[in-house]
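Structure first, commentary second.
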Amino acid sequence: MTDAGGADAILASIDGADEATLKRLLQTVIRKVPECRTKVAQDANLTSELYQVSEEERQKAVADQYSELKTNANDDPNVTDEVDFYERAKFVPMRLTYEERKYLRLIDATMHVSSYTDHIDSAANVNVNPARKLALQMKQLCAVLTGMQVSHNYETGQQLMQTREFTGRSAFFQTVLEIGRRYKILNPERMRDSYGKLMYFLQDSRKQEVRDLLEFDAVSRVRSVYDVLSKSPKGLGMLEDPQLRTATMEIMPEGKSRPTIQREIKAKEAAIKHLAKTYCSVARRRKRHMGGMYSLGILRSSYQESDSEDEQGDDLTEDIVEQCIYSIGDHSTYLRFNREPCDRLLSYLKEYFDPQDPGHAEYSLAIEEGKDGARLSHPHQRQYTFVLQSMTLWREVLDNMFQLWHLAEEDLLDEEHAYQLADTGQGHQRVQKSPRSVVAMQKILAKVQRKVGGWVGSSIVHLGDHNVPNALMFIDKYIQVPRFLGPLVITVDKIPELAKSSAGMKAYVDSFGGAQKLQKLILADFFRHAFDGSGADNFFDAGSCIDGRLTSAWNWCSSIEGKPYFPIFLLTGFSGFDGKEGF
């Protein structure tokens, strides 16, 4: 009778529970009872996800959520922020020249209108006969290459359509395809859809049977600063010249007088000229024309002659050395732009929050599983550490993004690790092992652990599974970090200025307790619920793992319009987290 009475009481409580309580109850049952999870997945036709993740992997993921590693902070002498130009130059792509930009427009337009992946990666091709799949790939590959050539030069394209001899134009194709990859690395916010199709196109072109039929390899090494400087015996010496730091420094105006800025500009220009003259192998040849002006006809002729795929020579001219310096400078600007949001949020975390004392409950970083969507339970101190190490990791990843991108492309184009087209629960994706990227991430993770003095939560790096199918998806996840941290930092920074803009605006900001309290309110909510393990229904897909921290952050971004302080975001110019309109 007692058991029956207890069961009746539980049923009565469930009947009287609100929707939020029922959701929490259902989540708990599905998470803790494997039989229920299996039944729900089968009823909802989610068996593909169950196939990807074993119960043992799930249990290990659950056990890792609250694991903790202790190390001595900064106990590794190799942990340093000193710039090594010699090593960095191996991964810094060369800035595009004027002649290369017409090829950029060509490859971008070609991939933008191409439906290559729609044909190759459709569900109908999962179990198709290998010979038939090869025929489909060759048809689509040849169509893309032919269309590219026709768009560039109609007469040559017509000849190619008749002869089908792609070998004779191999240098042209390699040049155009390499320029597309190089530009994307330099400008991650561009070619959002084109780059993915380009890499999958090259991935298929690397297959041995495809190369045998095409009779050439479409992939060439991305042109880096190191590759260019190594053409001359003394070129690489520039990377160890102390003046290179001055020549590539970014001149920031904050807190400087106009004369100080002018002095820095002159010092930078002088350093660039000195390095160009010192390390070039051929002096700059100055072209002289009638009246000291360029003829339009001569310019057009020069531009047309650049269509040739022949190299202009291996001479390291002053112009090329300057281009190398500007490319390294571009890299420094890229790093500052992408790391700055992480640095600003880390400074806000340390300024506004005490790791030991949570203070007022409204500003405590403590989270509880099942409350407000959280899937982890952390007291204030542990959550502070969790946020600190997560953003430090993101900063280190962005600091090494060019190296990671280089390794990711090597993984994608690796013949030894072929991809498998599989249903990951988010459509059919190319699932491929990425050993180089995994090793690099583990090294970065180990560096961060030494830097912050330990690690809270799981240290699993998802790569080559249904969460992150391949290295392309891995890179795409991390280049989006500045996209959602940037708008947040801008909003928080502008709140004091917004409060001073008008009496009505000041009154609105004061309704939250004032500018500083409003800043702290927004930051506290972000530090709690952008790092609470949310974003999925199990600890394998989300939680405290490396990939799950990003999932939780994007989950917070998706719910921003429901926050009470959302109008503040709009008043500070917010339009979205992905660089476009929308949330």
Study note, to complete from the structure: Inside segment 517-537, the number of residues satisfying the requirement of being open to solvent by less than 10 Å² (accessible area, probe 1.4 Å), out of contact with any strand residue (DSSP E or B) (no Cβ under 7 Å at 6 or more places or on another chain) and modelled with pLDDT under 90 is 4
Check your understanding: Name the pairs whose Cβ atoms lie under 7 Å apart, with the first residue in segment 433-457 and in contact (Cβ under 8 Å) with a residue 12 or more places away in the chain and charged (D, E, K, R), the second assigned to a helix (DSSP H, G or I) and open to solvent by less than 20 Å² (accessible area, probe 1.4 Å), and 6 or more positions between them or separate chains?
Key -> Arg436/Asp411; Lys447/Glu396; Lys451/Thr392
Exercise for review: Assess whether His331 counts as being crowded, with 19+ Cβ neighbours inside 10 Å, within 30 Å of Arg95 (Cβ to Cβ) and of a type outside the set (A, V, I, L, M, F, W, C).
Suggested key: yes
Exercise for review: From the list Ile179, Ile185, Ile120, pick out the single residue that is in contact with a Leu (Cβ under 6 Å, 6 or more places away or on another chain), among the β-branched types (Val, Ile, Thr), surrounded by 15 or more Cβ atoms within 10 Å (Cβ to Cβ) and touching a residue at least 12 places away in the same chain (Cβ under 8 Å).
Suggested key: Ile179
Practice item. Considering every residue within segment 95-108, establish whether at least one is at pLDDT below 85, β-branched (Val, Ile, Thr) and within 24 Å of Arg182 (Cβ to Cβ). Key: no
Exercise for review: Scan Ala422, Ala408 and give me the residue that is assigned to a strand (DSSP E or B) and either in contact (Cβ under 8 Å) with a residue 24 or more places away in the chain or buried (at least 19 other Cβ atoms within 10 Å of the Cβ) (or both).
Suggested key: Ala422
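Rundown of residues vs (1) touching a His at 6+ places or on another chain (Cβ under 8 Å); (2) among the β-branched types (Val, Ile, Thr); (3) part of a helix (DSSP H, G or I), yes/no style:
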{"residue": "Arg190", "(1), (2), (3)": "no, no, no"}
{"residue": "Asp212", "(1), (2), (3)": "no, no, yes"}
{"residue": "Arg221", "(1), (2), (3)": "no, no, no"}
{"residue": "Tyr226", "(1), (2), (3)": "no, no, yes"}
{"residue": "Leu239", "(1), (2), (3)": "no, no, yes"}
{"residue": "Leu244", "(1), (2), (3)": "no, no, yes"}
{"residue": "Pro253", "(1), (2), (3)": "no, no, no"}
{"residue": "Ala270", "(1), (2), (3)": "no, no, yes"}
{"residue": "Thr278", "(1), (2), (3)": "no, yes, yes"}
Study note, to complete from the structure: Across (1) farther than 30 Å from Thr333 by Cα; (2) of a type outside the set (S, T, N, Q); (3) loosely packed, with under 14 Cβ neighbours inside 10 Å, Pro233 clears everything bar (1)
Practice item. Having 2 or more residues that are open to solvent by 10 Å² or more (accessible area, probe 1.4 Å), basic (Lys, Arg) and in contact with a helix residue (DSSP H, G or I) (Cβ under 7 Å, 6 or more places away or on another chain) is the bar; report the helices (runs of 4 or more DSSP H) wholly within segment 430-516 that clear it. Key: 435-452
Exercise for review: Return yes when Arg284 is part of a loop (DSSP other than H, G, I, E, B), on the phi < 0 side of the Ramachandran plot, surrounded by 12 or more Cβ atoms within 10 Å (Cβ to Cβ) and modelled with pLDDT under 90 and no when it is not.
Suggested key: yes
Study note, to complete from the structure: The one condition Glu416 fails out of (1) open to solvent by less than 40 Å² (accessible area, probe 1.4 Å); (2) at pLDDT 85 or above is (1)
Exercise for review: Would you mind finding the one in Trp405, Trp394 that is under 28 Å from Asp121 (Cβ atoms), among the aromatic types (Phe, Trp, Tyr) and modelled with pLDDT of 90 or more?
Suggested key: Trp405
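The values are calculated or read from the model by the stated rules, or taken from the named source; none is laboratory data. Here the structure is a predicted model, which is why all the values come from computation and not from measurement. Heads up, the Cβs are rebuilt from the backbone with ideal geometry, glycines too, and the neighbour counts pull from every protein chain shown. Side chains are part of the model used for accessible areas, which takes the heavy atoms of the whole protein and leaves out ligands, DNA and RNA. Shrake-Rupley method; radii C 1.70, N 1.55, O 1.52, S 1.80 Å.
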